[in-house]
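Notes to accompany the following structure.
The values are calculated or read from the model by the stated rules, or taken from the named source; none is laboratory data. Here the structure is a predicted model, which means the values were calculated and not measured. FYI the Cβ positions are ideal-geometry reconstructions off the backbone, even for glycines, and counts take in every protein chain you see.
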Amino acid sequence: MRKKSLNTTWKKVWYFIWEDNSIWSWIVNIILAFILIKFIVYPGLGLALGTSYPIVAVVSDSMEHNGLLFDEWWSGKSTWYLEYNITKQDFNEFKLKNGFNKGDIIILKGADPADLRIGDVIVFKTSRPDPIIHRIVKKWSEDSYYFQTKGDKNSDSIREPDLDETRVSEKQLIGKSLFRIPWLGYIKIWFVDLLNFLLNRG
């Protein structure tokens, strides 16, 4: 009798989750999807890719090329890069040479600082809430490895109290970009904007 009752309960739950079109069923599905991604998919990807942040959303436009073809973009930026001995041919061989956009998703993997090269796009922590996703333009070694980075769109490397990308230590590194998924990051951006809107209304 108890087994029959459990089967009936399970069937009701299954129907509610997978077949019911009520608003409550949708809410439960969203919560279940969040739990699945947050506690199973995300950690699993992190383990496989060797970083605690395998997926990051791009929340600024600092790496955008504004739809310009590479030659057009380079003509406006070449002077800065040439001062760092980065030629047009060098940049043309960099991964993500055409930058990426706000709202993109970047898939990361863990990286040995010794293996990182000028031109690699890395993600690193600062005192800002969101990690920074910029390109290495200089690398050197003291007691450990250090990097200077720059957003492709920016006129220079940022040097501010909460972000000094002229001296990024290997301890700040989160990972190296593998590839991007266009626009999918807007899900996070819109959710955070909505949350901030609701909190500020209260």
## Note on the structure
Scanning the stretch 79-122 residue by residue, those of a type in the set (S, T, N, Q) and either under 18 Å from V168 (Cα atoms) or under 15 Å from the mean Cα position of the chain (by Cα) (or both) turn out to be N101
### Query
For the stretch 189-202, does any single residue satisfy the condition of being surrounded by 11 or more Cβ atoms within 10 Å (Cβ to Cβ) and either touching a strand residue (DSSP E or B) at 6+ places or on another chain (Cβ under 6 Å) or not assigned by TED's automatic domain parsing to the domain that holds F100 (or both)?
no
#### Entry: Selection within the stretch 85-110 - over 29 Å from P129 (Cβ atoms) and either small (G, A, S) or touching a residue at least 12 places away in the same chain (Cβ under 8 Å) (or both)
I86, K88, D90, F91, N92, E93
### Query
What residue, of G67, G76, G119, is small (G, A, S), assigned to a loop (DSSP other than H, G, I, E, B) and over 28 Å from I187 (Cβ atoms)?
G119
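Condition check ((1) assigned by TED's automatic domain parsing to the domain that holds N101; (2) modelled with pLDDT under 95; (3) among the polar types (S, T, N, Q)) across all residues:
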residue	(1), (2), (3)
D115	yes, no, no
T126	yes, no, yes
P129	yes, yes, no
F147	yes, no, no
K150	yes, no, no
K153	yes, no, no
S169	yes, no, yes
Q172	yes, no, yes
K176	yes, no, no
### Query
Is there a residue being under 27 Å from I174 (Cα atoms), part of a helix (DSSP H, G or I) and either among the basic types (K, R) or modelled with pLDDT under 90 (or both) anywhere in the stretch 48-61?
yes
### Options I23, I86: the member that is out of contact with any Gly (no Cβ under 7 Å at 6 or more places or on another chain), loosely packed, with under 11 Cβ neighbours inside 10 Å and of a type in the set (A, V, I, L, M)
I23
## Note on the structure
Looking across the stretch 39-72 at residues that are among the aliphatic types (A, V, I, L, M) and buried (at least 17 other Cβ atoms within 10 Å of the Cβ), the single one that is nearest to the chain's Cα centre (by Cα) is V56
### Query
Is it the case that N98 is among the polar types (S, T, N, Q), buried (at least 17 other Cβ atoms within 10 Å of the Cβ) and part of a loop (DSSP other than H, G, I, E, B)?
no
### Message
Being under 14 Å from the mean Cα position of the chain (by Cα) and at pLDDT below 95 is the requirement here; does I133 meet it?
### Response
no
### Query
Identify, please: which residue in the stretch 150-178 is touching a residue at least 12 places away in the same chain (Cβ under 8 Å) and of a type in the set (V, I, T) and is, among those, farthest from S78 (Cα to Cα)?
I174
### Query
Which of the residues that make up the stretch 136-145 are at pLDDT 95 or above and farther than 22 Å from I55 by Cβ?
V137, K138, K139, W140, S141, S144, Y145
